[in-house]
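None of the figures in this text is laboratory data; all of them are computed from the coordinates on show. Not measured: the values here are computed from a predicted model. Here the Cβ positions follow ideal geometry from the backbone for every residue, glycine too, while neighbour counts run over all protein chains shown.
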């Protein structure tokens with residue numbers, strides 16, 4: 001009886017060890033990504049997709065959307081929803097306009113929706129807190145990462161808001177961004193030129 005039980009114990013012990021290993025690995029990856037992990041990230045790290053479903057069934061993960069999971073006790077941050085929006089929009093998605101300014105508190109923006117550009121069209125239903133659109137017209141924006149989030153550079157984001165935010169606020173945002181090192185000297189000079197030649201908003205005209 002003892003000899004027959006040993007193979008089972010060995011298999012069970014290996015399964016438990018593998019399960020703990022997968023859980024720890026998934027958690028480690030997720031905590032570096034605002035608590036999120038995708039199936040693609042997990043598989044690339046050697047964690048089978050089925051293990052994510054098992055972890056979710058046990059409460060170790062929350063299934064946020066198709067192929068996206070979150071560690072339920074991950075520390076919160078002001079950037080969590082931005083990270084989720086980018087993951088939902090798909091590979092290559094980036095933040096634009098006032099959503100980029102909101103990362104740094106520029107122009108006193110408080111957008112109701114996180115605006116994301118998705119290079120690839122997606123049919124997935126998006127939550128109310130985000131808005132997905134195609135790439136802006138004209139010259140392709142310069143992209144970078146702020147706090148690990150793919151986004152337009154701040155200079156391009158300021159110009160992207162010309163039809164939404166008063167010129168005076170955008171000029172102040174440019175000055176603040178320059179002070180904080182978010183735009184280069186060359187970018188700041190361009191912002192001054194482009195913003196000053198833009199037509200004044202109705203509110204600015206009525207105030208003058």
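Between residue 110 and residue 194, the FRET efficiency from the beta-carbon distance, with R0 = 22 Å, is close to 0.35. Counted over the chain, the DSSP beta bridges are approximately 70% antiparallel.
Using label points projected 7 Å from each Cα along Cα→Cβ, tell me how many nm separate residue 145 and residue 56, to one decimal. Rounded to a tenth, the inter-label distance reads 2.5 nm. Helix 80-89 sits at what angle to the longest principal axis of the chain, using alpha carbons and giving 0 to 90 degrees rounded to 10? For helix 80-89, the angle is close to 80 degrees.
Shape summary of the chain, radius of gyration then Dmax from alpha carbon positions: 22.9, 94 Å.
The slack in the chain from residue 184 to residue 65, taken as 0.36 nm per residue of separation less the alpha-carbon distance, amounts to 39.1 nm. Pull out a ≥ b ≥ c, the square roots of the eigenvalues of the alpha-carbon gyration tensor of segment 142-181, then state rounded if a/c is under 1.5, prolate if not and a/b is larger than b/c, and oblate in the remaining case. It comes out oblate by the Cα gyration axes.
Judged by the ratio a/c of the largest to the smallest principal axis of the C-alpha gyration tensor, segment 80-200 counts as prolate, that ratio being 1.5 or greater while a/b is larger than b/c. The C-alpha atoms of the chain define a longest principal axis, and helix 185-197 lies at about 50 degrees to it. Paramagnetic label reach from residue 163 (point 7 Å along Cα→Cβ; backbone nitrogen cut-off under 17 Å): within segment 90-130, residues 96-99, 115-118.
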